[in-house]
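**Q** What follows is a single structure, and I will ask about it in a moment.
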Amino acid sequence: MDKERFGEMILANERQFYRIAKSILRKDEDCQDAAQEAIARAFGHLGSLKEDAYAKTWFIRILIRECYTLLRKSSREIPHGELPAASSAADTDYSELYEALSHLEADYRVALVLYYLEGFRILEIADILNIPEGTVKSRLHRGRQRLSELLKEADS
């Protein structure tokens, strides 16, 4: 795949990639940083892509890796004089479901977003996350259970 076609694929799927990044990271700025870093890495390693048909899945893997890298880095850094807030003004703009999703562990959140919002099959999710299909099924099941509990708590 040449860089021009890869760039077109990135632009065509920009919203989907943002939603995937947002399922892991909370801040929009972090999502943008992760996406930019993933694009830079993907362009640098475009020659290692063997099948053009898998470009989207390949890029999602890179994006998820970058999100987790950024998450690890930010968890080590707490600005002096600032305490982490339970919710910020940006969080209040989202629906009750998104709020509940944001309180799930990242593993469950990513699996649920890829399956329900992005429409990937279990086999594809297993390939993207590089985990067994059974693990994907477990994460979906446990994520749905936990999400249901969170939504019930919010209603009370």
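The values are calculated or read from the model by the stated rules, or taken from the named source; none is laboratory data. In this text the structure is predicted, and so the values were computed from the model without any measurement. Counting neighbours? That spans all protein chains shown, and the Cβs are built from the backbone with ideal geometry, glycine included. The accessibility values were calculated without ligands, DNA or RNA, using every heavy atom of the protein model including side chains. Shrake-Rupley method; radii C 1.70, N 1.55, O 1.52, S 1.80 Å.
**Q** Are any of the residues in region 95-113 at pLDDT 95 or above, in a loop (DSSP other than H, G, I, E, B) and surrounded by fewer than 16 Cβ atoms within 10 Å (Cβ to Cβ)?
**A** no
**Q** So, one more: Please work out which one of (1) open to solvent by less than 70 Å² (accessible area, probe 1.4 Å); (2) in a helix (DSSP H, G or I); (3) at pLDDT below 90 is the condition residue 88 fails and give its number.
**A** Unmet for residue 88, out of (1) open to solvent by less than 70 Å² (accessible area, probe 1.4 Å); (2) in a helix (DSSP H, G or I); (3) at pLDDT below 90: (2).
**Q** Ok, one more. Taking residue 57 as meeting all but one of (1) of a type outside the set (A, V, I, L, M); (2) more than 21 Å from residue 124 (Cβ to Cβ); (3) surrounded by fewer than 17 Cβ atoms within 10 Å (Cβ to Cβ); (4) at pLDDT 90 or above, write down the number of the exception.
**A** (2)
**Q** When you look at residue 121, is it at pLDDT 90 or above, surrounded by 11 or more Cβ atoms within 10 Å (Cβ to Cβ) and over 30 Å from residue 8 (Cα atoms), yes or no?
**A** The answer is no for residue 121.
**Q** If I go through region 1-38 residue by residue, how many of them are within 28 Å of residue 104 (Cβ to Cβ), open to solvent by less than 50 Å² (accessible area, probe 1.4 Å) and in a helix (DSSP H, G or I)?
**A** 13
**Q** Do any residues in region 60-79 that are farther than 15 Å from residue 29 by Cα and open to solvent by 90 Å² or more (accessible area, probe 1.4 Å) have Cβ atoms under 8 Å from those of residues that are among the hydrophobic types (A, V, I, L, M, F, W, C) and at pLDDT 70 or above, where the two are at least six apart or on different chains, and which pairs are they?
**A** Here the result reads 65/38, each pair linking region 60-79 to a residue that is among the hydrophobic types (A, V, I, L, M, F, W, C) and at pLDDT 70 or above.
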